[in-house]
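Presented below is the structure to which this report refers.
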Amino acid sequence: MSDTPIPFGKPQLDDAAFDAVRAVLESGMLVHGTVTPAFEDAFAARIGAKEAVAVSSCTAGLHLTLFVRGIGPGDRVAVPAMTHVATAHSVELQGAEPVFIDVDPATGNMDPAKLEAVDGPLAAIMPVHYLGLPCDMDRINAVAEAKGAFVLEDCALAVDSKWGDDKAGTLGLAGSFSFYPVKHMTSIEGGMVTTNDSDLATELRRRRAFGYNRALGERARPGIYDVDALGMNYRMSEVEAAVGLSQMNRLDDFMAARSANDATLRAILSEIDGLTVFPDRIGKALSSHYCLNAVLPLDGSVSRDKVVDGLKDRGIGSSVHYPGPVPLFTYYQGKYGYKAGDFPVAEWLAEQTISLPVGPHLGPDGAKRVGEAFREAYNSAIA
Ligand SMILES: *Cc1c(COP(=O)(O)O)cnc(C)c1O
């Protein structure tokens, strides 16, 4: 087996990506071109959504959607306690209040029973498909319906995740994807909001670019516009779209490699006593295999720092998803007064989880190397 280091993630950029970037740079058309709409069409088709709206990041897409839907002060929005801080920040940015829901110890996803138990109104629910495994969308959508809330999926790790016959990004009102370099596919920075609601898509397009109104009829001239709404600048550049579009041709290969690597690594980890490994499929949910989380025993008998250092010594990169329950990050704790013990499952994950790579950069024997390195590092970290 080779001993080249394996990082947690590595963008896969081929000649086609370089050529596409060069073509955009040579054209001089760096924004407002034809590549972004082509990327939107290809992505919408892949996900099976009516519309896809390119934005500058997943966070921008989440925020823009809440903004367009008028979420604001006085509104309460349910988000899982274990997620990227972006999910909660998008709510805070609108002056609304995140209602943190602890996660299910069997999946790491927003616990539907705890969501069902929320007292009082909710304006929106933001399920996060943890590491690519879809949340229980039947129960989440039922709560949304009962409360008159809309559902905005955080699909940052959920490209091609499936719930029955449908894909993540089509399971609520809208879903926001991330093309950050080490996610399933990249556009450098970038994101995409998918929706089956064409009116919402129109509004997202207008508001991602200042709220311009170009429909001036007789008065229409280059550079002349009216502004009839508030908006951001959350556009995607043509260079980013060119990289993203070039990745679409490789997505089948990326996903096949992730699924195979996950199976190889999972088989090795399943032999290790005391380790929790979340399923990659359960009921109607099928994961997109973003990474494989090994969760160490709750009793702290195995030191995470030692396992991570042991992996590093063996040339294997790892990560943590995510390093804190969001409500216990300094900002949220200071603002809302949450305390240790409020979100026990999310706290366990934040303390004891290690994310292992399964991406296409692993190559043929990579998943086996990651698994064997993990077994050695784990055994030598037992107290
Ligand atoms: C990475 C990530 C984000 C942020 O994505 P950006 O494109 O960097 O804004 C949001 N939510 C989750 C769950 C993520 O993992």
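Since every read-out is calculated from the coordinates, none of them should be taken as a lab result. Predicted model, so just to flag it, every value in this text is computed and none were measured. Counting neighbours? That spans all protein chains shown, and the Cβs are built from the backbone with ideal geometry, glycine included.
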About the Cα centre of the chain, how large is the charge dipole given +1 on each Lys and Arg Cβ and -1 on each Asp and Glu Cβ? Please answer in debye to the nearest 20.
-> 500
Quick one: grab the alpha carbon gyration tensor of segment 53-96, order the square roots of its eigenvalues as a ≥ b ≥ c, and give me rounded if a/c is under 1.5, else prolate or oblate depending on whether a/b is larger than b/c.
-> oblate
Ordered by fewest other Cβ atoms within 10 Å, a rough proxy for footprinting exposure, Glu145, Glu240, Glu40, Glu116 read Glu145, Glu116, Glu40, Glu240
Surrounding charge for Asp111, neighbours by C-beta under 13 angstrom, Lys/Arg +1, Asp/Glu -1, total -2
Could you tell me how many degrees, from 0 to 90 and to the nearest 10, lie between the Cα long axis of helix 238-248 and the main elongation axis, the longest principal axis, of the Cα atoms of the chain?
-> 50
Looking only at lysines whose Cα falls under 16 Å of Lys167's and that sit 8 or more positions away or on another chain, we get Lys50, Lys284
With a ≥ b ≥ c from the Cα gyration tensor eigenvalues, square-rooted, and the rule rounded for a/c under 1.5, otherwise prolate when a/b > b/c and oblate otherwise, segment 128-243 is oblate
Give the residue from Pro127, Ser161, Val193 lying farthest towards the positive end of the charge dipole for segment 15-248; charges sit on Cβ (+1 for Lys and Arg, -1 for Asp and Glu) and the dipole is referred to the Cα centre.
-> Val193
For Gly310, what is the net charge nearby, where nearby means another residue's Cβ is under 11 Å from its Cβ and Lys, Arg count +1, Asp, Glu -1?
-> +1
Candidate cut points under trypsin sites (Lys or Arg not before Pro) in segment 280-365, DSSP loop plus at most 12 other Cβ atoms within 10 Å of their own Cβ, are Lys339
Report the net charge of residues surrounding His84, where surrounding means a beta-carbon distance below 15 angstrom and charges are Lys +1, Arg +1, Asp -1, Glu -1.
-> -3
What aspartates and glutamates sit close enough to Lys162 to cross-link, taking a C-alpha to C-alpha distance under 15 Å and skipping anything fewer than 8 places away on the same chain?
-> Asp136, Asp138, Glu153, Asp154, Asp252, Asp280
Compute from the Cα atoms of segment 19-172 the Rg and the Dmax, the latter being the longest Cα-Cα distance, and quote both in angstrom.
-> 16.9, 57
Take His361, His184 and order them by how many other Cβ atoms sit within 10 Å, fewest up front.
-> His361, His184
Return the FRET efficiency for the residue pair Ser2, Arg281: r is the Cβ-Cβ distance, R0 is 41 Å, and the value is rounded to the nearest 0.05.
-> 0.85
Dipole check, segment 196-242, charges on Cβ (K,R +1; D,E -1), about Cα centroid: among Phe210, Asn233, Gly223 the Cα furthest to the positive pole belongs to Gly223
For the Cα atoms of the chain, what angle does the longest principal axis make with the long axis of helix 366-379, in degrees from 0 to 90, nearest 10?
-> 50
Per the charge dipole of segment 251-380 (beta-carbon charges, Lys/Arg positive, Asp/Glu negative, Cα centre), the residue among Leu362, Gly334, Val302 reaching farthest to the positive end is Gly334
Label Leu216 and Asp41 with points 7 Å out from Cα along Cα→Cβ: what is the distance between them in nm?
-> 2.8
Loop sites in segment 1-65: trypsin sites (Lys or Arg not before Pro), DSSP, at most 10 other Cβ within 10 Å = none
Here the convex hull volume per residue of the chain, taken over Cα atoms and given in Å³, is 142
Lys147: which aspartates and glutamates have alpha carbons under 14 Å from its alpha carbon, excluding same-chain residues fewer than 8 sequence positions away?
-> Asp75, Glu116, Asp119
